[in-house]
Structures are given as C-alpha cells and as structure tokens.
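Visitor: Below is the structure I would like to discuss, written out as structure tokens.
Coordinate-derived values only; no laboratory data. Computed from a predicted structure; not experimentally measured. Cβ sites come from the backbone with ideal geometry, for glycine too, and all protein chains shown count toward neighbours.
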Amino acid sequence: MKRFALAACFILIFLASASILSAADIAAVPKPSNEMSAVSEILPPVPMPDIHTFISEKPYCLKDGDTGVWYDRVRGCITMSWQNKTRDAFFKAKVTAVTPDTSEVVNYTFSLVAASVCTASYVKGIWDIKKNGVPVCTGCVGEAYGIDSSVGNYFKLYIGDDLCYSENWHLSGYITYRKDF
C-alpha cells in the first residue's frame, strides 16, 4: 500500500507540474497514513560530513622539540585532509620561523606518515619533522586536535618522539579555509 501511495504521489507531482490535474483531482488521491514515513522513504537522512580538509595560511607558533625554543614569528602554509573512522589522512606543513634572540631563519616541514585514528576532532599517528631539510624527528608519535574548529579558530599539533606521545614538538595555526563533505 505504501508503494502504491508513493507511486501515486510521484505521478501526481509530475502531472500537477504539467498543469493537467486540478486541485480537486489532486485532493482525491489517497494519502499515506503516515506522511513522514513516505517522505523518509523518498529522501534518505542527510549524513554528517566524514571527509574534512582545512588550510592554514596563518601559523601561530612552533616549539622546537630538540632545543625547547618557542617561535612566535612563524609564517607558512599548513594543509590537512582526513576521513572519519578510517586511517586515511594527509598533513603537510611548511613553515619558516625566526628565532627570538638571533633573528635566524629556520625552515620546518611537518608530515603525517601514517594515521592510526581519525575522528572529526583529532588525528593520531606517526609524523616526520625536518629542520632546514634535515630529519630531526622520524617516525614520531603525535596528535593533531582542534581540527574540527571553524575558520578563524586554531588547531594544535603535538609530537613526542619515536617511542611515545608527548608535547615535545608543537605547531599551531589559525584555520583560514575548510571544507567538510
């Protein structure tokens, strides 16, 4: 009966849009007993986004895990994409920092090598860090979080060493673009 009513609704919508039936003809067609169930059979529920991407063109600060130096004069670009409930993720950051004391320019690259957990708000995994092109932390355990923040808010990345997570290395930035689908 539901399928008949559903088919009748489609036919009526088509015919009504073609201006063939009058309002009285449309009113005479039997309606499903539960109009919401007919609608839910036609339109599936809208899923929550599970694929995410953000770009940050405004890095905020960086901490060198080897020297302990915090940089607040940082520029560069950071991009991340990931899918919830999978291990599919990408992260790449190329940032330039200026040392507070000597104004020396230092280039860093942060890369996600393998993701172990991806949710809407954080990604845990194995990361590589290069300083001036030289690997300084290879296969290190880390976590990016706050990655579900909206444009204008910031995210954080903390990376430990190759044995365990800790807050040795730090990179944060303001999200300047995001797309969730």
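Visitor: From the list 109, 86, 102, 119, exactly one residue is more than 25 Å from residue 51 (Cα to Cα) and among the hydroxyl-bearing types (Ser, Thr, Tyr). Which is it?
Guide: Numbers: 109 fails: more than 25 Å from residue 51 (Cα to Cα); 86 fails: more than 25 Å from residue 51 (Cα to Cα); 119 fails: more than 25 Å from residue 51 (Cα to Cα).
Among 109, 86, 102, 119, only 102 is more than 25 Å from residue 51 (Cα to Cα) and among the hydroxyl-bearing types (Ser, Thr, Tyr).
Visitor: With the condition kept exactly as written, say whether any residue in the range 126-147 is small (Gly, Ala, Ser), under 20 Å from residue 57 (Cα atoms) and under 16 Å from the mean Cα position of the chain (by Cα).
Guide: Yes, the range 126-147 contains at least one residue that is small (Gly, Ala, Ser), under 20 Å from residue 57 (Cα atoms) and under 16 Å from the mean Cα position of the chain (by Cα).
Visitor: Oh, and also: For the range 152-177, enumerate the residues that are surrounded by 13 or more Cβ atoms within 10 Å (Cβ to Cβ) and assigned to a loop (DSSP other than H, G, I, E, B). Explain how you work it out, then say what you get.
Guide: At the first step, the residues of the range 152-177 found to be surrounded by 13 or more Cβ atoms within 10 Å (Cβ to Cβ) are 154-161, 165-176.
If the condition is that a residue be surrounded by 13 or more Cβ atoms within 10 Å (Cβ to Cβ) and assigned to a loop (DSSP other than H, G, I, E, B), then 160, 161, 165, 166, 167, 168, 175, 176 are the ones that fit.
Yes or no, residue by residue, for (1) over 18 Å from residue 68 (Cα atoms); (2) touching a Ser or Thr at 6+ places or on another chain (Cβ under 7 Å):
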position: 101; (1), (2): no, no
position: 106; (1), (2): no, yes
position: 116; (1), (2): yes, no
position: 130; (1), (2): no, yes
position: 153; (1), (2): yes, no
position: 161; (1), (2): no, no
position: 167; (1), (2): no, no
